[in-house]
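One structure is given here, and the rest of the page talks about it.
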Amino acid sequence: MIARSVDALVVGGGSAGLAAALRLREAGASVAVVEREPFLGGILLQCIHSGFGLHEFGEDLTGPEYAERFIRPALRAGIEFYLDATVTEIGEEPGEGAAGRTVIALSRSLGVVRFTTRAVVLAMGCRERNRGNVAIAGTRPAGVFTAGLAQRLVNIEGCVPGRSAVIIGSGDIGLIMARRLTLVGCEVRAVVEIQSYPSGNTRNIVQCLNDYSIPLHLGHVVTRIEGRDRVEAVRVAPLSTEGEAMTGREFRIPCDTVLLSVGLIPENELSRGAGVPINEGTGGPWVDADYMTGARGIFACGNVLHVHDLVDFVTEEARLCAGRAAAFLAGAPVEAMLPVSAGANVRSVVPNSCAPSRETVFTLRSLVVKNDARLIVRVGGQEVRAKRLAHVQPSEMIRFVLEPGAVPQALPGMPSSRAAPTVSSMEVSLQ
Amino acid sequence: MSAGRGRTSAGSRKELVCIACPIGCRLVVTTDASEETTVTGNRCARGESYGKEEVLAPKRILTAVVPTDSARFPCAPVRTDHAIRREKAGTLLADLYGRTVKLPVREGQVLIEDFDGARVVFTRTLPPDEVPAVGKAGSEPEGQDEVTRLQQSP
Amino acid sequence: MDTYDVAVIGAGVSGAAIARRLSRYRLGVALLERCVDVSFGVSKANSGIIHAGFHHAPSSLKAKLEIQGNRAFDQLQAELGFPFRRAGIVVAAFSVEEMKVVDRLYTQGVENGAPDIQIVGRERLLALEPALSRDVVGGLFAPSGGIIEPYRFVFALAESAVANGVRLLTSWEATRAERRDGAWRIVSSTGQELAARWVVNAAGLQADQVSAMFGAEAFTILPRKGEEFILDKGSAGPPSRVIFPVPARTSKGVLVIPTVEGTVMLGPTADEGDDKEDTTTTPENLERVFGLASQMVPRISKRDIITAFAGLRPTLPGDDFLIELSRKAPAFVQVAGIQSPGLTASPAIAERVKELLMAGGLELAEKPDWTPGIPHVQRTRDHAAWEVDRLVAADPAYGHLVCRCEGVSEAEVVEAIRKGHTTLDGIKYYTRAGMGRCQGGFCSYRIMQLISRETGLSLERITKHGPGSEVVRSRIGSRV
């Protein structure tokens, strides 16, 4: 067992973890990053398609290229990296006079590593919803993959998963994989989407489906998977207006592969174990304007906090989070914060409080599609800021910056936002 | 909603959604007998050029993985640095899949100097650059006394 | 051609228990299994319950063997190290009529000799199991009931049998048999042959076909499908006892089972069918099971479901076990219709088969060096941090977590592979890798890499559960 003492410990060496670690090093903190893969970069490494970095770098990069932009400086920044290592436990809040919180990690080369750290940055990302979560009936043959697993098998392990596939879910991951499978010689017979509109963005619809004439069945559901040892077919049925599968109109699509692109779940088992309160709406921790969770000294950013669409926003969020963690380490005074809640047509908003004296970058998602929407920020019922948005849809995260001083006066608030919204709290809505 | 597929026949009309920016104007692209194309429904010049190109000579950035000689890193990701004509993608893929790249390669390293006006480059450094080992410059594990203390049952 | 004293056909819980029991004697024993791994038939897809002995009439073979078998599990666990816990069974009644059935079960249990079985009123029942609905009026409590991981039990039985000299032949499907020169000549589907003086038919769903193959009694095994649904470890309000409703005519009902691994299992259903390969799960049964289960345990939620599976009970008319010497075929023992409580009864089934063989004339000379135990598997997740350090010092692979959801280390996966479990399912059942929240999303490719490294199999030849279930089709760049 080895013991290490560091100012900050970052759990995860992907896009969020790397940006956070770099920012913390910039602030002079000693930083350890624990990453379970044998290399840095996280999920970006298997996202070999382009579209990353348009905001961050003004360039159209592939995932690995985007990752490299952070890996290179990170390797020279004096960060301690623990690769092929898994954090197994984040300990309780340290008592009075204690040097820091204990974090246990398990590493092939070092055995048990016991960290003592004053700030933990959660950057574990998310996992995929799987077949069990969506309860698809039928048999359990080989050939059923979540889209991310299939992506890993293709783009990193160099395998062709099957000869013909049906993809469940028209989110961006499913669409990207529709193209990727086609390019490696696996025919994609259909993409099946339960909503009446595709959830991925238009560029992907065009370049991943239309380019290859892949049929998109909107308002349909896969009712069962067939095949004893390997997938042989799926059955698909249209959904009624009440959302029931109309089995009388079921049809069969022969295929040997099924990909599931049915959602992502922030990976917060470690966080729960550490007593971090989780917002069941986002699946991630409640965080205040410092991106600090309800557990003192534990911060969260990236997909573990809430599922992002653009890695550029992950990078920004990680930097902001790490900046506040650095301030925490330096003993900066805690500012008054205003709780922020989700108003009409807002599914979730992060962070969950706002420090009026600072700039706040909010990210939020709508509940339904709306054209010509107004993003309205109200405090105590009064409209404080409004912005027109031509088009909002649930699958596209919205970024909104509230400048310092936008709230007329700093109201005495609570350091965290887990209390129920009161008249003097802030509400963001999309109407 | 469908994109144009390769060259249109003379005197045809295609409807497509512009993807140059998030607005997504619905474009109508008409081609007359002398292959003059006209774009309507766009709000800006980018939309006009997207519409024309998409119908006359649609281009795409191609990303793919190429087999390597390494068991640990069996394939290397590559990209075209510029968009190439869509109908050329199959040829490029066949070329790539027939290769066995020898590692190491560096991100940005050129694999093919010119394919339809674009370079094909590697997008990842493989094997990845080594991270400094814990115990080397700048990070010493704590001494033996720490280890002894921690061997007691928690 | 290899000649054995006894060939046991079928390496499910019955066959593996029988083989281990016989391995105590100076006998050449072959354990034949048609699948690529043991426990891949009925024994991997069931509720994992060690029953307490009140469900079956005292006159039935099931009742006798259930009680006898139940008693054996503490010692078996000490010897073989599979996960097992005497969590206790409660039967919950929701009406006066149901209490009458409970009364009958109680009387039956007492007559069968179920240890410490109690009939309890509402308050006591809720104290025993607080997750129950407040609508219960009373029920039964059988403290000797328990939960196990059935496949780990079967793997351990088979390992112990092999360690004591039994020859395990997997991917060996008997297709033809003839009696010649005082022995059975058995031919496999791949043309391999062996001879055995005695044959034990423990072939589960195929017991009727095997019986016919040997010219023994004609009977028909009808599959009765049971669908089961698994809820995540962190799910709301898990019970601590196995919860039964008052039983239906042909089945014990839909149960709420706290598994020994920490998940919650709901089921099984009971649907008659005729397809021995139909292990589909259905949306209708999902609704039905959740409806019934949440009546008993209100906090159950569909949101927590992580996977579902179905098993097939090999049933005989009359629903009792058939364990006897064949009257038609010489030197042939029938072990058929082993549905619930087969898992519980398996040690007693093995005992009974040994008695039958002895009565039939097989000489049983004890081996002085028979070893009951097998080395217990070291699992990273079972150890405190400072203990893990010692494991890692001996083998660094214990410090490398492959399955993050279940905390399974590379060393454990490698051990499973080296013991012959070279399919994703086999490794899953042996180590639990792939059974957690993410259902293999994160660890599948790592396990495939380990299988490839250890066995030399290229990735496209690795299967989920045997030939035909290859996980990926080919490598990029090769002919698709």
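Among C:Arg179, C:Arg152, which is the only one that is open to solvent by 10 Å² or more (accessible area, probe 1.4 Å), outside any helix (DSSP H, G or I) and not aliphatic (A, V, I, L, M)?
On the way: C:Arg152 fails: outside any helix (DSSP H, G or I).
Among C:Arg179, C:Arg152, only C:Arg179 is open to solvent by 10 Å² or more (accessible area, probe 1.4 Å), outside any helix (DSSP H, G or I) and not aliphatic (A, V, I, L, M).
Among the candidates C:Ala397, C:Ala411, C:Ala393, which residue alone is under 22 Å from A:Leu83 (Cα atoms), touching a helix residue (DSSP H, G or I) at 6+ places or on another chain (Cβ under 6 Å) and surrounded by fewer than 21 Cβ atoms within 10 Å (Cβ to Cβ)?
Matching residue, one of C:Ala397, C:Ala411, C:Ala393: C:Ala397.
So, in region B:18-38, of the ones that are assigned to a loop (DSSP other than H, G, I, E, B) and away from every other protein chain (no Cβ under 11 Å), which residue ends up least open to solvent (accessible area, probe 1.4 Å)?
Here the residue is B:Asp32.
Could you list, ordered by first residue, the pairs with Cβ atoms under 7 Å in which the first is in region A:58-80 and over 17 Å from A:Glu35 (Cα atoms) and more than 9 Å from chain B (Cβ to nearest Cβ) and the second is assigned to a loop (DSSP other than H, G, I, E, B) and of a type in the set (Gly, Ala, Ser), at least 6 apart or interchain?
Listed by first residue and then by second, the contacts come to A:Glu59/A:Gly53; A:Tyr66/A:Gly53.
In region A:330-424, which strands (runs of 3 or more DSSP E) lie fully inside it and hold 2 or more residues that are modelled with pLDDT of 90 or more, of a type in the set (S, T, N, Q) and open to solvent by less than 70 Å² (accessible area, probe 1.4 Å)?
Hits in region A:330-424: A:360-366.
Would you check which residues across region A:148-179 are within 19 Å of the chain's Cα centre (by Cα) and part of a helix (DSSP H, G or I) and list them?
Correct list: A:Gly148, A:Leu149, A:Ala150, A:Gln151, A:Arg152, A:Asp172, A:Ile173, A:Gly174, A:Leu175, A:Ile176, A:Met177.
Scan region A:93-121 residue by residue and report those that are open to solvent by 50 Å² or more (accessible area, probe 1.4 Å) and either basic (Lys, Arg) or in contact (Cβ under 8 Å) with a residue 40 or more places away in the chain (or both).
Passing the criteria: A:Glu93, A:Ala99, A:Arg108, A:Leu110, A:Arg114, A:Arg118.
Note down all Cβ pairs under 6 Å where the first residue falls in region A:26-47 and is under 14 Å from A:Leu75 (Cβ atoms), the second is small (Gly, Ala, Ser), and they're at least six residues apart or on different chains.
Correct list of pairs: A:Val31/A:Ala8; A:Val31/A:Ala21; A:Val33/A:Gly13; A:Val33/A:Gly17; A:Val33/A:Ala21; A:Glu35/A:Gly13; A:Leu40/A:Gly13; A:Gly41/A:Ala67.
Is it fair to say C:Ala78 is in contact with a helix residue (DSSP H, G or I) (Cβ under 6 Å, 6 or more places away or on another chain), at pLDDT 95 or above and not in a loop (DSSP other than H, G, I, E, B)?
Considered against the rule, which asks whether it is in contact with a helix residue (DSSP H, G or I) (Cβ under 6 Å, 6 or more places away or on another chain), at pLDDT 95 or above and not in a loop (DSSP other than H, G, I, E, B), C:Ala78 comes out as no.
Within region A:126-137, can you find the residues that are in a strand (DSSP E or B) and either more than 9 Å from every other protein chain (Cβ to nearest Cβ) or within 19 Å of the chain's Cα centre (by Cα) (or both)?
Within region A:126-137, A:Cys126, A:Arg127, A:Glu128 qualify.
Which members of region C:456-467 meet the condition of being closer than 30 Å to B:Ala64 by Cβ and either part of a loop (DSSP other than H, G, I, E, B) or more than 8 Å from chain A (Cβ to nearest Cβ) (or both)?
Scanning region C:456-467 gives C:Gly456, C:Leu457, C:Ser458, C:Arg461, C:Ile462, C:Lys464.
Being among the polar types (S, T, N, Q) and not in a loop (DSSP other than H, G, I, E, B) is the filter here; which residues of region A:226-276 pass it?
Result: A:Thr247, A:Thr257, A:Ser271.
Do we have any residue at all in region C:418-425 that's surrounded by fewer than 23 Cβ atoms within 10 Å (Cβ to Cβ) and at positive phi?
Yes, there is a match, as at least one residue in region C:418-425 is surrounded by fewer than 23 Cβ atoms within 10 Å (Cβ to Cβ) and at positive phi.
What are the residues in region A:89-110 that are at the interface with another protein chain (Cβ under 9 Å from one of its Cβ atoms) and touching a Lys or Arg at 6+ places or on another chain (Cβ under 9 Å), if any? Explain how you work it out, then say what you get.
Step one: list which residues in region A:89-110 are at the interface with another protein chain (Cβ under 9 Å from one of its Cβ atoms), which gives A:89, A:104, A:106-110.
Hit for region A:89-110 is A:Ile104, nothing else.
In region C:24-42, how many residues are open to solvent by less than 10 Å² (accessible area, probe 1.4 Å) and either in contact with a Phe, Trp or Tyr (Cβ under 7 Å, 6 or more places away or on another chain) or free of Cβ contacts under 8 Å to residues at least 12 places away in the same chain (or both)?
5
Could you tell me whether region C:367-374 includes any residue that is in the same structural domain as C:Ala11 (by TED's automatic domain parsing) and open to solvent by 20 Å² or more (accessible area, probe 1.4 Å)?
No, there is no match, as no residue in region C:367-374 is in the same structural domain as C:Ala11 (by TED's automatic domain parsing) and open to solvent by 20 Å² or more (accessible area, probe 1.4 Å).
Is it true that B:Ala71 is small (Gly, Ala, Ser) and more than 10 Å from chain A (Cβ to nearest Cβ)?
yes
Within region A:265-291, track down each residue that is within 14 Å of chain C (Cβ to nearest Cβ), surrounded by 20 or more Cβ atoms within 10 Å (Cβ to Cβ) and touching a helix residue (DSSP H, G or I) at 6+ places or on another chain (Cβ under 8 Å).
Across region A:265-291, the qualifying residues are A:Pro266, A:Glu267, A:Asn268, A:Ser271.
Within region C:302-313, is there a residue that is farther than 30 Å from A:Ile225 by Cα and surrounded by fewer than 19 Cβ atoms within 10 Å (Cβ to Cβ)?
no
Which residue pairs have Cβ atoms under 7 Å apart, sit 6 or more places apart or on different chains, and have a first residue in region C:69-96 that is open to solvent by less than 30 Å² (accessible area, probe 1.4 Å) and a second that is of a type in the set (S, T, N, Q)?
Listed pairs, sorted by first residue: C:Gly69/C:Thr344; C:Gly69/C:Ser346; C:Asn70/C:Ser144; C:Asn70/C:Thr344; C:Leu80/C:Ser160; C:Phe84/C:Gln77; C:Ala87/C:Ser240.
Can you tell which of A:Thr223, A:Thr202 is among the polar types (S, T, N, Q), open to solvent by 10 Å² or more (accessible area, probe 1.4 Å), over 27 Å from C:Pro467 (Cα atoms) and in contact with a Pro (Cβ under 9 Å, 6 or more places away or on another chain)?
Working: A:Thr223 fails: over 27 Å from C:Pro467 (Cα atoms).
The unique qualifying residue is A:Thr202.
Take the residues in region A:180-190 that are of a type outside the set (D, E, K, R) and assigned to a helix (DSSP H, G or I), then tell me which one is least open to solvent (accessible area, probe 1.4 Å).
By that ranking, first place goes to A:Leu181.
Residues that are at positive phi and of a type outside the set (A, V, I, L, M, F, W, C), at least 3 per element: which strands (runs of 3 or more DSSP E) completely within region B:39-120 meet that?
none
Going through region C:330-363 one residue at a time, which ones are open to solvent by 40 Å² or more (accessible area, probe 1.4 Å) and in contact with a helix residue (DSSP H, G or I) (Cβ under 8 Å, 6 or more places away or on another chain)?
Within region C:330-363, C:Glu351, C:Arg352 meet the criteria.
Give the residue, chosen from A:Gly227, A:Gly200, that is within 30 Å of C:Arg461 (Cβ to Cβ) and touching a residue at least 12 places away in the same chain (Cβ under 8 Å).
On the way: A:Gly200 fails: within 30 Å of C:Arg461 (Cβ to Cβ).
Unique residue meeting the criteria: A:Gly227.
From the list C:Ala248, C:Ala218, which one is surrounded by fewer than 18 Cβ atoms within 10 Å (Cβ to Cβ) and modelled with pLDDT under 95?
Only one candidate passes the filter, namely C:Ala248.
Output the number of the condition that A:Val311 fails; it satisfies all remaining conditions of (1) buried (at least 24 other Cβ atoms within 10 Å of the Cβ); (2) over 14 Å from the mean Cα position of the chain (by Cα).
Checking A:Val311 against (1) buried (at least 24 other Cβ atoms within 10 Å of the Cβ); (2) over 14 Å from the mean Cα position of the chain (by Cα), the one that fails is (2).
The values are calculated or read from the model by the stated rules, or taken from the named source; none is laboratory data. All of these numbers come straight from a predicted model, not from anything done at the bench. FYI the Cβ positions are ideal-geometry reconstructions off the backbone, even for glycines, and counts take in every protein chain you see. With ligands, DNA and RNA removed, areas are computed over all heavy atoms of the protein, side chains included. Shrake-Rupley method; radii C 1.70, N 1.55, O 1.52, S 1.80 Å.
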